[in-house]
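The values are calculated or read from the model by the stated rules, or taken from the named source; none is laboratory data. Only a predicted model underlies this, so the values are computations on that prediction, with no experimental measurement involved. We place every Cβ from the backbone using ideal geometry, glycine too, and count neighbours over all the protein chains shown.
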Amino acid sequence: MHMSTASIVSETVCRQRSDLFWRPKLFKAFALVVWASCMIAAAQAQTPYEPIPGDTPYVVEGNSDTIVSSIGRSLRINGTAKNGAIALGGDVIVQGTVEGDVAAVGGSVIQLEGARINGDVMVIGGTYRAMDKMPLRSPGGQTIMYGGYEQELRTIIRNPKDLLSPHWSARSIGFRILAILFWFIVSLALTAAMPGTISRGITRLQLTSLRVALIGFLGAVAIGPGAILSLHYLPTPISAVVGLMALLLILVAGLFGRVMIYAATGRWIQRMLSKSNRNSEAVALLLGTTFWITLSSLPYVWPFVVTVIWVISLGLALTARYRVGWKRPEEV
């Protein structure tokens with residue numbers, strides 16, 4: 001079937017018209033996105049500072065030769081801070097001069113008009129805002145920001161007891177149910193993949209639990225300061241290897257040790273509830289996982305529970321080659 005010259009020309013013209021129809025739209029959309037981004041950046045840069053209602057900042061007047069700091073409230077510098085300033089759980093409002101660095105955790109650093117910061121600016125949770133178009137900063141000054149969760153960090157720093165007492169809500173309960181399902185699936189997978197390793201760990205935990213806990217405690221005491229000292233004193237390649245080995249040991253302990261603890265606890269609960277010898281391994285894992293996740297969700301108790309789990313898990317990882325009931329082979 002042959003097409004006429006007119007049909008070919010009309011089809012080509014239609015394609016060109018469709019391309020011409022879409023290209024201006026794409027260009028306009030791109031220009032609109034760029035314009036909106038520029039407007040948002042300009043608005044954030046030129047937004048005037050407004051004090052937070054109910055916030056009474058600690059005000060620094062005159063000259064201060066020490067590091068100016070505040071915990072649980074904002075910090076306002078009207079004079080001169082020669083050694084820097086830091087605020088935990090609040091903002092740092094600079095109206096005068098800061099010779100050193102400025103840091104805010106759970107807040108923002110706000111540099112008002114005419115203020116000067118000669119050091120670096122570090123913000124965790126908030127933002128850095130300067131009221132001047134060209135803020136007065138030293139040429140080598142750096143700005144480091146880790147944005148997000150500003151209000152959460154501020155609340156935790158100002159009310160640390162809220163960290164020990166979690167608020168019960170539908171969302172928190174849902175997260176805990178997901179945690180139970182996640183660790184139950186992980187425990188099933190590891191038990192099916194390495195039944196011998198898990199079984200030996202459970203036996204070791206049941207027979208020598210105090211010894212395992214003591215070894216885990218000593219290992220935690222040695223790994224923590226040891227890794228820090230190695231990073232500080234040893235050469236970079238050796239300290240990197242030591243740090244990676246310590247991290248790998250912690251990960252293995254947190255995975256395999258936790259599964260062993262869940263399985264051992266589940267078996268103990270099954271023996272307490274049922275006198276039958278026919279017990280399901282899956283039910284034991286579900287019972288143990290539910291028990292420890294629920295226990296680690298209790299207010300004011302969960303830090304101790306988490307510490308116990310990590311110490312015992314580390315002890316199981318450090319005693320992985322330990323054989324319970326080892327005896328010297330008899331001479332022939």
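Here are some notes:
- Taken over the stretch 119-150, the criterion of being within 22 Å of the chain's Cα centre (by Cα) and in a loop (DSSP other than H, G, I, E, B) is satisfied by GLY148, TYR149.
- THR191 falls short of the stated requirement of being surrounded by 11 or more Cβ atoms within 10 Å (Cβ to Cβ), out of contact with any helix residue (DSSP H, G or I) (no Cβ under 7 Å at 6 or more places or on another chain) and not acidic (Asp, Glu).
- Filter result for ILE157 (farther than 24 Å from GLY79 by Cβ, outside any loop (DSSP other than H, G, I, E, B) and in contact with a strand residue (DSSP E or B) (Cβ under 7 Å, 6 or more places away or on another chain)): yes
- Some residue of the stretch 267-274 being charged (D, E, K, R) and under 18 Å from ILE293 (Cβ atoms): yes
- Once the stretch 30-68 is narrowed to residues that are among the polar types (S, T, N, Q) and over 17 Å from ILE110 (Cβ atoms), the residue that is modelled with the lowest pLDDT is SER37.
- Here the strands (runs of 3 or more DSSP E) wholly within the stretch 52-118 that include at least 2 residues being surrounded by fewer than 18 Cβ atoms within 10 Å (Cβ to Cβ) and either under 31 Å from the mean Cα position of the chain (by Cα) or of a type in the set (Gly, Ala, Ser) (or both) are 68-71.
- Being touching a residue at least 12 places away in the same chain (Cβ under 8 Å) and crowded, with 16+ Cβ neighbours inside 10 Å is a property that SER209 lacks.
Let's see how each residue does on (1) under 19 Å from the mean Cα position of the chain (by Cα); (2) in a helix (DSSP H, G or I); (3) closer than 17 Å to MET260 by Cα:
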position: GLY174; (1), (2), (3): no, yes, no
position: LEU178; (1), (2), (3): yes, yes, no
position: PHE184; (1), (2), (3): no, yes, yes
position: ALA192; (1), (2), (3): no, yes, yes
position: ARG204; (1), (2), (3): no, yes, yes
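- Scanning the stretch 248-267 for residues that are over 19 Å from PRO195 (Cβ atoms) and surrounded by 24 or more Cβ atoms within 10 Å (Cβ to Cβ) turns up just one, ALA253.
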